[in-house]
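A.B. asks: Pasting a structure below so you can have a look.
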Amino acid sequence: MGLDINSIKLLLYAKSLGVDFSSVITIGRQSLNLGQSDLIFQLNNFGYKITESEVSNFFNVSAGYAEHFLKYIGAKEVHSLDYSDYEGATHIHDMNTSISDNLKGKYSVVIDGGSLEHIFNFPVAIKNCMEMVHLGGHFIGVTPTNNFMGHGFYQFSPELYFSIFSMDNGYKLKKMIVYEDKRSARYYSVKNPTEIKKRVTLTNSVPAYLNVIAWKIKECAVLEKYPQQSDYVQSWNVNYYDKNDNIGKLISPSRHNKILNWLIKSLPASVKWRVVENIVWFNRFKNPFHETIYEPINPSESKSSHI
């Protein structure tokens, strides 16, 4: 478990949005999985004036773990929670089971840097995270969403987090970002499937992550009611759509495929395969992030100045 160049960038972005890092707990003790030069670059990019010797201390003082970095961006205390003490976590607890009352409402930020996908009882684990955040605090998650089969028990869809971090559970989802696992990753803001009235899907060829920044805005029982996937709720509720809603008039993907197949079959054999080849070739290089669902953002544009 560790914070790479993209995770660091997103934590700094969260800080620039006003997230309070005064009391932090990480799920699993997080190491710094990037070079010192990359860390200096990201800090400078967000307005922090820092020297090489200061950054060197981030790696040396905490034996390569992230505590010193988190203290630099505002943490007065940094705790960690893990199933085992093999990495020296502050609290030892199996996240498959409910946390003790003394951890509830204790932290301004709970950070999942890539641990929840390894915990079998995810509903209990995410509930634990949400309950550890105090009122006005935040949950920050970096979690696998695509092309991570075998990495953990799960890889997660955007709708899962949109459903969990809702008013029913006392939260407002401030930001959801998806990016591919690349050094030069482009970041996309994800739309809520409930609002756009269709599923948010992704087909791409490299591992991709979801980043979630959720704000706790009221105290209430968490996950007393289990979420249902929005498009099924729409189907179950015949009054969900207004009668004048034009979305029902759009050609569905299945209908679109039938029309395309019919057109291809009607073509002369001499041009049929050329058309098919062109379609395949185009889809190979098409941006996997559909622009009506994923809107490009640049986290460093929201940077704050730190002298």
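The values are calculated or read from the model by the stated rules, or taken from the named source; none is laboratory data. Please read these numbers as outputs of a predicted model, since none were measured by experiment. Ideal geometry is used to build each Cβ from the backbone, glycine not excepted, and the neighbour counts take in all protein chains shown.
A.B. asks: Out of the residues in the stretch 79-92 that are out of contact with any Lys or Arg (no Cβ under 8 Å at 6 or more places or on another chain) and outside any loop (DSSP other than H, G, I, E, B), state the one that is farthest from L17 (Cα to Cα).
C.D. replies: I92
A.B. asks: Now for a separate question. Within the stretch 70-78, identify whether any single residue is assigned to a loop (DSSP other than H, G, I, E, B), closer than 30 Å to E195 by Cβ and out of contact with any helix residue (DSSP H, G or I) (no Cβ under 7 Å at 6 or more places or on another chain), and answer yes or no.
C.D. replies: Checked against the condition, which is being assigned to a loop (DSSP other than H, G, I, E, B), closer than 30 Å to E195 by Cβ and out of contact with any helix residue (DSSP H, G or I) (no Cβ under 7 Å at 6 or more places or on another chain), the stretch 70-78 yields no hits at all.
A.B. asks: From the list E52, E87, exactly one residue is farther than 29 Å from F162 by Cα and loosely packed, with under 13 Cβ neighbours inside 10 Å. Which is it?
C.D. replies: E52
A.B. asks: Would you confirm, using the coordinates I've provided, whether M95 is aliphatic (A, V, I, L, M), closer than 30 Å to N204 by Cβ, part of a loop (DSSP other than H, G, I, E, B) and touching a residue at least 12 places away in the same chain (Cβ under 8 Å)?
C.D. replies: yes
A.B. asks: Please verify whether the stretch 137-147 includes one or more residues that are closer than 19 Å to L223 by Cα, over 16 Å from the mean Cα position of the chain (by Cα) and modelled with pLDDT of 95 or more.
C.D. replies: Checking the stretch 137-147: at least one residue is closer than 19 Å to L223 by Cα, over 16 Å from the mean Cα position of the chain (by Cα) and modelled with pLDDT of 95 or more.
A.B. asks: Right, another one. Considering only the stretch 16-24, I want to know if a residue exists there that is free of Cβ contacts under 8 Å to residues at least 12 places away in the same chain and assigned by TED's automatic domain parsing to the domain that holds A208. Step through it out loud before you land on a result.
C.D. replies: Quick first cut of the stretch 16-24, residues free of Cβ contacts under 8 Å to residues at least 12 places away in the same chain only: 18.
After this cut, where a residue has to be assigned by TED's automatic domain parsing to the domain that holds A208 as well, the list is 18.
Yes - at least one qualifying residue is present in the stretch 16-24.
A.B. asks: So in the stretch 208-235, with the set limited to residues that are small (G, A, S) and crowded, with 16+ Cβ neighbours inside 10 Å, which one is modelled with the highest pLDDT?
C.D. replies: Filtering the stretch 208-235 for residues that are small (G, A, S) and crowded, with 16+ Cβ neighbours inside 10 Å, the one modelled with the highest pLDDT comes out as A214.
A.B. asks: Filtering the stretch 143-176 down to residues that are crowded, with 21+ Cβ neighbours inside 10 Å and aliphatic (A, V, I, L, M), which residue is nearest to V19 (Cα to Cα)?
C.D. replies: The qualifying residue nearest to V19 (Cα to Cα) is M176.
A.B. asks: Pairs under 6 Å by beta carbon, first residue over 21 Å from P193 (Cα atoms) in the stretch 138-160, partner of a type in the set (D, E), six or more apart or different chains?
C.D. replies: Final answer for the pair search is G152/E117.
A.B. asks: Give just the number: which of (1) of a type in the set (A, V, I, L, M, F, W, C); (2) surrounded by 14 or more Cβ atoms within 10 Å (Cβ to Cβ); (3) assigned to a loop (DSSP other than H, G, I, E, B) does A63 not satisfy?
C.D. replies: Failing condition for A63: (2).
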